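Here is the structure we will look at.
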Amino acid sequence: MNYIEMIRSIAGNRPLILTAASVIIQDEAGRVLLQHRTDTNNWGIPGGFMEIGESVEDAARREILEETGLIVGDMKLYTVFSGEEFYFKYPNGDEVYNVIVSFTSTDVSGELMPDHEGHELAYFHLDELPSEMIPTSRLMLERFRR
């Protein structure tokens, strides 16, 4: 049982404050990598919640590898997103107030391969993002674009 499953077994769907890590990966054309998620059926920035004892850097690298098949080399701390606007309610009713430690990278290797959490992976220009996006990811990329 992972950390989130353990906490959810106690708290149910009630709101939790959870720390996540994400990486805004850009290709040589400046496009950003997005994942078409299976849990929300929306597009979002790859990333996920930390496990017990894990650093945010390690969580970011693990999540990217799991969700995309890519290995992240150099990455830079971009910013930390938190607050009311990073509240999210999943389709299953789970509520979370995200604290998202966001990194950026152009240094990735490997082959794009979505896992069970994603239908597909694709790169998008910042001015041509998909209409169906997770609100928190859209907000993060709007701020990144500025």
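Normalised by residue count, region 90-133 yields a Cα convex hull volume of 149 Å³ per residue. Between region 6-61 and region 111-130, the alpha-carbon centres lie 14 Å apart.
The order of Leu34, Leu70, Leu126, Leu18, going from fewest to most other C-beta atoms within 10 Å of their C-beta, is Leu126, Leu18, Leu70, Leu34.
Sorted ascending by nearby beta carbons within 10 Å, beginning with the fewest, Val23, Val56 become Val56, Val23.
For region 65-146, the relative contact order is 34 percent, taking Cα pairs closer than 8 Å that sit 6 or more residues apart in sequence and dividing their mean separation by the residue count. Residues Ser137, Ser102, ranked from the fewest to the most other C-beta atoms within 10 Å, line up as Ser102, Ser137.
Applying the Kirkwood pairwise sum to the alpha-carbon positions of the chain produces a hydrodynamic radius of 15.4 angstrom. Mean residue ellipticity at 222 nm, helices only, the chain: -7000 deg cm²/dmol; runs of at least 4 DSSP H residues each add -39,500 (n - 2.57), and the sum is divided by the number of residues.
Bear in mind these aren't lab numbers, they're just calculated from the coordinates by the rules spelled out. Given the structure is predicted, the values throughout are model-derived calculations rather than measurements. Using ideal geometry, Cβ is built from the backbone for each residue, glycine included, and neighbour counts are taken over all protein chains shown.
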